[in-house]
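What follows is a short report on a single structure.
Values in this text are rule-based calculations from the coordinates and carry no lab data. The model shown is predicted, which means the values in this text are computed figures rather than measured ones. Cβ: placed from backbone, ideal geometry, glycine included. Neighbour counts: every protein chain shown.
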Amino acid sequence: MKKLITGNEAAALAAKLARPQVIAAYPITPQTSIGEKLAEYTADGSLKARYIKVESETSAFAACIGGSLSGARVFTATSSQGLALMHELLHWASGARLPIVLVNVNRSMASPWSLGVDHNDTLSQRDTGCLQIYCETAQEVLDTILIAYKLAESVILPIFICMDGFLLSHYSEAVNIPDQDEVDLFLPPRDAQYFMDTNAPATFGGGVSSEALYQFRQRIQADMDNVLTEHDRICDQFYQRFGRRYTAVETIKPENQELVIITNSTMAGTVKAYIKEKGQQKGVGLIKIRFFRPFPKEALKEALKGFKKAIVIDRNLSPGSGGIFSQEIKASLYGSEDQIPIVSVIGGLGGVDVTVDHLDRLVCEVLKQKKAQPGTIWMEA
């Protein structure tokens, strides 16, 4: 069935299709309508879940931790300062190996106060041990949440599904909605190996020796290293059942590969429009990075082959260092024989519009340069 819905409605509908048993969310713009829609589903009985009304985002995530520890499938959603308020508990969830699915509707961090989109809220949490996937469309949001549940419960780690505030959360698109029976075949109920059980007492999150902590961290890294392989396997299953394919890195390669723009989320949609309208004849391609944690280094290297120069457009800023995706990309290519010049660009912070004309001026400027400009270019606001 195809339906015209917003990104937030797609997220709520995907959560409903995944049949979570515990939902906890606290309202924060632009996420609020996800929680509201799920509250409607539980109130009218179309979703049989425990909806917990909480007093803060910290409590929302704490409730999800409790639900997940009991063996339940759980869901929450937040944005910006709300995610920041969850920060401490994100470490608890990953360290306890809890497959919590969280949708974050990306929004700028205060101060000053803004409702515009950038990605600093989720990227500030990059070292918490949570997986991160960034979505371009409402269809991608719905499908990725279903994939995320299966992935999180396979590798036993929490996962963020990230979507741009307003540009995706509040715009309507035609979305293919799968049948519940088909989703149930793809995503069966959670089968937790470890959970709180009065008939089999165990400790969770207790004090351990330095050696034990070292081993636990080593195990998380080892399982992180397997995430992208497992993601590919699950995405193959998803494609076979629903006919839509997803990869960690999506690539558009023109015949004459002069320059590639690397970006993520809705910015990738603008780049696609630019390539179709003006960029193809200039040899401009696209690399859309969906996964940020773990970072898809090998897929990125493969995608870059053949291009002579790259522009990385970051909708984020690490003050004193520049764009965060740019840092990760340069680090992953360090020492590579196929390393190409990379131009770091900041654009769209706070929801500032980035248009096809903006991209064309940027591309023309970079193509004229014989060497990649050091430092960071700021796109016009």
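FRET efficiency for ARG126 and GLU36, Cβ-Cβ distance as r, R0 = 30 Å, nearest 0.05? After rounding, the FRET efficiency stands at 0.55. Dimensions of region 249-378 from C-alpha coordinates, computed as largest minus smallest value along each principal axis and given longest first, are 34, 33, 28 Å.
With semi-axes defined as the square roots of five times the eigenvalues of the C-alpha gyration tensor, the equivalent ellipsoid of region 2-240 measures 26, 21, 18 Å, largest first.
Compared with the dominant Cα axis of the chain, that is its longest principal axis, helix 32-43 is turned about 30°. The peptide list 261-271, 343-353, put in order of mean Cβ contacts within 10 Å with the highest first, becomes 261-271, 343-353.
Among the chymotrypsin sites (Phe, Trp or Tyr not before Pro) in region 33-122, those located in a DSSP loop and surrounded by at most 11 other Cβ atoms within 10 Å of their own Cβ are TRP113. Taking the chain as a Gaussian network of alpha-carbon nodes connected by springs under 10 Å, the highest mean-square fluctuation of the residues SER210, SER59, SER70 belongs to SER210.
Counting other C-beta atoms within 10 Å, and keeping those with at most 12, which DSSP coil chymotrypsin sites (Phe, Trp or Tyr not before Pro) do you find in region 319-381?
Numbers: sites: PHE325, TYR334, TRP378; in loops: TYR334.
Here the sparse-neighbourhood loop sites are TYR334.
What spacing in nm lies between the two simple spin-label points modelled at PHE204 and LEU367, each 7 Å away from Cα in the Cβ direction? Inter-label distance under the simple model: 5.7 nm. Residues whose amide H lies under 5 Å from that of ASP314, counting only those 5 or more places away or on a different chain, are VAL345, ILE346, GLY347; hydrogens are built 1.01 Å from N in the peptide plane. Reported value for region 1-103: 92 Å³ per residue, from the convex hull of its C-alpha atoms. In this Cβ point-charge picture (+1 for Lys and Arg, -1 for Asp and Glu), region 224-381 has a dipole of about 200 debye about its Cα centre.
Per-residue packing, averaged as other Cβ atoms within 10 Å, sorts the ranges 130-136, 355-361 into the order 130-136, 355-361, beginning with the highest.
Counting only residues at least eight positions apart within a chain, or on another chain, the lysines with an alpha carbon under 26 Å from that of LYS278 are LYS253, LYS288, LYS301, LYS305, LYS308, LYS309, LYS368, LYS370, LYS371.
Here the Karplus relation 6.51 cos²θ - 1.76 cosθ + 1.60, evaluated at θ = phi - 60°, turns the backbone of region 363-379 into coupling constants of 4, 4, 5, 5, 5, 6, 6, 6, 10, 5, 5, x, x, 10, 8, 9, 5 Hz, with x for every Gly and Pro. Normalised by the number of residues in region 249-378, the average gap of Cα pairs under 8 Å and 6 or more apart makes the relative contact order 26 percent.
Once you have the alpha carbon radius of gyration of region 302-365, what is it after dividing by 2.2 N^0.38 Å, with N set to its residue count? Intermediate results must be reported in sequence, preceding the final value.
Numbers: Rg = 12.9 Å, N = 64, 2.2 N^0.38 = 10.7 Å.
Cα-based Rg divided by the globular estimate yields 1.21.
Applying 0.36 nm per residue to the separation of LYS2 and HIS87 and subtracting their alpha-carbon distance, the gain on full extension is 26.9 nm.
Shown in residue order for region 330-347 are the 3J(HN,Hα) couplings computed by the Karplus curve 6.51 cos²θ - 1.76 cosθ + 1.60 at θ = phi - 60°: 4, 5, 6, 9, 4, x, 6, 5, 9, 4, 10, x, 10, 9, 8, 10, 9, x Hz (x for Gly and Pro).
To the nearest 20 debye, what charge dipole does the chain have about its Cα centre, counting +1 at the Cβ of each Lys and Arg and -1 at the Cβ of each Asp and Glu?
Result for the chain is approximately 560 debye, rounded to the nearest 20.
Where a Cα-Cα gap under 20 Å defines reach, which lysines qualify for LYS16, not counting those fewer than 8 residues away within the same chain? Of all the lysines, those that pass the test against LYS16 - Cα under 20 Å, at least 8 places apart if same chain - are LYS2, LYS3, LYS37, LYS48, LYS53, LYS150. Applying both filters, DSSP loop and at most 12 other Cβ atoms within 10 Å, to the GluC sites (Glu not before Pro) of region 30-59 gives GLU55. Over what distance in Å are the Cα centres of region 139-216 and region 295-338 separated? Here the answer is 28 Å between Cα centres.
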